Amino acid sequence: MFGPLRSVAFVPGFFVLLGAAAVLAACGGSAVSSGPPSTASSSVTLNGVAGSAQTVALPPSTDGYTGSMILTFAQPASGVVADVALGPSPPAGAPQPTGTDQPLVFVGVSVSSNVTLSGIPAFVLTLPNAALQTLRRTQNDGDFELLLDFFDPNHPSLGYQSGGACSLSGNTTTCTGAAALFNLLAPLTYVFECKRHNLAPTPSPSPSISPSPAGGTTVIVVPTPAAVVCNPPSVLVAVNGSAIIDCTAQDYGGRFTLTVANPAIASVQQSDSLTFTYFTVTGLSAGATTLTLQSQPGGTGSVPITVQQ
């Protein structure tokens, strides 16, 4: 569901899971605790041929989380040691996420030598009852979706970027990573974040009608459509590489119309049929072009795209 491959540096560090109940209660936003957590850690050995997948069990966190990470190899791996750990904050040196989304889970990994993956790792996480109850209570705030973000230390200015969608069934959260080529390079630190993202209701803009005085003219005021804003605001990809962007318009939750000025340079596709905000940008040939998006109410936005050989 996510388009062609993208080469990014995958990072060593450690797996971090954040107790949802504590996070959702803290400050009502995406800030996470920066205190030294009590973490559980373990080491595993990665082995596999191209096209095979390996499931890595995560050590249980002190907050009651359990789960696993699924790695799919694009090239053979043999005897690579991966150190994993769980705790309530991102790995040391990794930034805190910003914005109003509510973090649920953070993950990180450290590898002893380079490994090439055919996609962002997938995660299957079991939530403790306290976190699950907190999520259910916050459903009263409106519709929401669970998303997977990632932090790429090769592009720190981009912060946490969109990496895929997550789903909740019972007390299990499943996150499916984008199919983008990942090079796990030692000894960097790469971070994943599973978060709760509030969905804006699809608006039904209603013109306001001002009553006219006797014999006068009725004035109809139509609301101005909100601009379409994307994160990141510009895209740099390699030929045959891909990147994911998140585009939204205030008070709008429907589909966008997409136009690429020069479709020979890049293509853009919606990343998930159920999530209208995420799009995969794929580099086709070296050059620069522009993606233009328009909402049904008429709001527009654009994203410069640069494709490098």
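The values are calculated or read from the model by the stated rules, or taken from the named source; none is laboratory data. Note that the coordinates shown come from a computational prediction; the quantities given were computed from them, not determined experimentally. Ideal geometry is used to build each Cβ from the backbone, glycine not excepted, and the neighbour counts take in all protein chains shown.
Counting residues in segment 251-259 that are over 20 Å from Ser157 (Cα atoms), among the polar types (S, T, N, Q) and without any contact (Cβ under 8 Å) to a residue 24 or more places away in the chain gives zero.
Among the residues of segment 73-114, those that are in a strand (DSSP E or B) and under 24 Å from Leu132 (Cβ atoms) comprise Val84, Ala85, Leu86, Gln102, Pro103, Leu104, Val105, Phe106, Val107, Gly108. Note on segment 48-72: residues that are assigned to a loop (DSSP other than H, G, I, E, B) and modelled with pLDDT under 85 amount to 7. Within segment 182-210, being over 30 Å from Gln102 (Cβ atoms) and modelled with pLDDT under 60 holds for Ser206, Pro207, Ser208, Ile209, Ser210. Within segment 255-280, the residues that satisfy the criterion of being modelled with pLDDT of 90 or more and either of a type in the set (A, V, I, L, M, F, W, C) or within 22 Å of Leu181 (Cβ to Cβ) (or both) are Leu258, Val260, Ala261, Ala264, Ile265, Ala266, Ser267, Val268. Of all the criteria given as (1) of a type outside the set (Lys, Arg); (2) at pLDDT below 85; (3) in contact with an Asp or Glu (Cβ under 9 Å, 6 or more places away or on another chain), the one not satisfied by Leu132 is (3). Of all residues in segment 140-195, how many are polar (S, T, N, Q), out of contact with any helix residue (DSSP H, G or I) (no Cβ under 8 Å at 6 or more places or on another chain) and outside any strand (DSSP E or B)? Total satisfying the criteria: 4.
Criterion applied to Thr100, Thr55 was being within 20 Å of the chain's Cα centre (by Cα) and in the same structural domain as Asp152 (by TED's automatic domain parsing), and the one residue passing it is Thr100.
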